[in-house]
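Peer 1: Before anything else, here's the structure in question.
The values are calculated or read from the model by the stated rules, or taken from the named source; none is laboratory data. Note that this is a predicted model, so its numbers are computed, not measured. A quick note on method: Cβ atoms are made from the backbone with ideal geometry, for glycine too, and the neighbour counts reach across all protein chains shown.
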Amino acid sequence: MPSSIHQAVLVEETMLVLNVRPGGWYVDGTLGGATHTQELLRRSAPTGRVLSLDVDPKALERAQDHLTSESERWSGVEGNFRQMAELAHARKFFPVDGVLLDLGFSSDELADRQKGLSFLENGSLDMRFGPKANEDGLTAADIVNSWPHNDLEKMLRNFGEERYAGRIASAIIEARQVSRIVGTLDLTAVVKKAVPASYEHGRIHPATRTFQALRIAVNDELEALKQAIDGAREILKPGGRIAIISFHSLEDRIVKHAFRSAEDLEIITKKPMTPSLQELIHNPRARSAKLRAATKK
């Protein structure tokens with residue numbers, strides 16, 4: 001299988017706030033391109049262990065190809081991070097010294113046309129990160145072709161923070177009455193026609209917020225994040241740390257609130273850490289990344 005093309009963000013900063021040390025046990029709840037997992041293994045050597053989770057079996061296959069030499073210290077599991085505590089308990093991988101969640105989807109996933117996460121290339125309107133991303137098999141195509149106007153508008157407004165949610169919802173319903181919306185570029189064309197030509201003054205693509213909203217709805221990302229934080233708190237040992245990298249305000253708000261309201265957590269990052277100028281030059285996609293961390297009391 002080809003190597004990952006994903007470029008992880010805030011790697012050094014994440015390792016520092018997690019205080020990764022030799023012999024430690026760590027959970028990477030979002031394996032992705034495996035950069036964070038590899039760094040956790042390197043810094044916890046020679047006896048540290050890492051358990052990595054991902055709902056995308058392709059991510060696990062790629063990691064297994066490149067981590068064969070670490071088979072005694074590394075385990076990869078196909079599973080949703082919302083079930084982190086359950087999966088860790090089943091493998092007797094607890095209590096742990098640190099938990100990492102990188103909430104951005106990887107470049108590998110973006111390039112996978114079967115997932116349909118990109119509005120720039122044609123692909124199927126699926127948007128599930130993997131077979132275990134949700135329990136009911138819901139896809140983006142199901143949503144745009146069957147949900148009523150009010151539900152579409154609410155989703156676009158709440159999950160995409162889309163100011164033209166009503167107009168886009170109406171355009172989707174009008175388009176699907178002519179023919180089923182099946183491809184990513186079909187949906188992109190519908191959205192572009194629904195919003196003003198001056199959309200966001202050209203700062204972002206007109207379909208950005210719509211695709212974000214659909215992705216969140218399909219993968220139930222916000223509820224999954226809340227459950228993952230609870231699971232991390234359960235398996236962390238006292239003094240263990242949790243680090244979360246978010247990429248939009250909805251995620252960051254959940255993380256900030258969860259850390260502040262948890263009686264068993266002490267916040268390490270009073271303000272979120274962000275990528276350095278040097279990292280942004282090499283990886284512009286990192287521009288919206290925010291890292292927050294906390295310690296279990």
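Peer 1: Do you know which residues across the range 64-88 are more than 19 Å from residue 226 (Cβ to Cβ) and in contact (Cβ under 8 Å) with a residue 40 or more places away in the chain? Give the steps one after another, and end with the answer.
Peer 2: Going through the range 64-88, the residues more than 19 Å from residue 226 (Cβ to Cβ) turn out to be 64-78.
Answer for the range 64-88, where residues must be more than 19 Å from residue 226 (Cβ to Cβ) and in contact (Cβ under 8 Å) with a residue 40 or more places away in the chain: 65, 66, 76, 78.
Peer 1: Cβ-Cβ under 6 Å, sequence separation 6+ or interchain: first residue in the range 256-281 and within 11 Å of residue 293 (Cα to Cα), partner in a loop (DSSP other than H, G, I, E, B). Which pairs?
Peer 2: Cβ pairs passing all conditions: 266/297.
Peer 1: Can you pull out the residues in the range 233-253 that are over 18 Å from residue 10 (Cβ atoms) and among the aliphatic types (A, V, I, L, M)?
Peer 2: If the condition is that a residue be over 18 Å from residue 10 (Cβ atoms) and among the aliphatic types (A, V, I, L, M), then 235, 236, 250 are the ones that fit.
Peer 1: Separate question: Is it the case that the range 158-165 has a residue that's touching a Leu at 6+ places or on another chain (Cβ under 6 Å), at pLDDT 95 or above, within 20 Å of residue 222 (Cβ to Cβ) and outside any helix (DSSP H, G or I)?
Peer 2: Keep residues of the range 158-165 that are touching a Leu at 6+ places or on another chain (Cβ under 6 Å), which gives 162, 165.
Filter once more, keeping what is at pLDDT 95 or above: 162, 165.
Now restrict to residues that are within 20 Å of residue 222 (Cβ to Cβ): 162, 165.
So of that shortlist, the ones also outside any helix (DSSP H, G or I) come out as 162.
The answer is yes, given that some residue of the range 158-165 is touching a Leu at 6+ places or on another chain (Cβ under 6 Å), at pLDDT 95 or above, within 20 Å of residue 222 (Cβ to Cβ) and outside any helix (DSSP H, G or I).
Peer 1: Here's another thing I want to ask about it. What about residue 165, is it buried (at least 17 other Cβ atoms within 10 Å of the Cβ) and touching a Gly at 6+ places or on another chain (Cβ under 7 Å)?
Peer 2: For residue 165, the condition - buried (at least 17 other Cβ atoms within 10 Å of the Cβ) and touching a Gly at 6+ places or on another chain (Cβ under 7 Å) - is not met.
Peer 1: Here is a follow-up. Can you tell me which of 183, 231 is under 24 Å from residue 18 (Cα atoms) and either in contact with a Ser or Thr (Cβ under 7 Å, 6 or more places away or on another chain) or not aliphatic (A, V, I, L, M) (or both)?
Peer 2: The match here is 231.
Peer 1: Now a separate question. So in the range 225-284, with the set limited to residues that are touching an Asp or Glu at 6+ places or on another chain (Cβ under 7 Å) and of a type in the set (A, V, I, L, M, F, W, C), which one is surrounded by the most Cβ atoms within 10 Å (Cβ to Cβ)?
Peer 2: For the range 225-284, the residue satisfying everything is 245.
Peer 1: Considering only the range 39-74, state which residues are out of contact with any Lys or Arg (no Cβ under 9 Å at 6 or more places or on another chain), within 21 Å of residue 16 (Cα to Cα) and β-branched (Val, Ile, Thr).
Peer 2: none
Peer 1: Is it fair to say residue 168 is modelled with pLDDT of 95 or more and under 22 Å from residue 249 (Cα atoms)?
Peer 2: Values: modelled with pLDDT of 95 or more: yes; under 22 Å from residue 249 (Cα atoms): yes.
Answer is yes for this residue.
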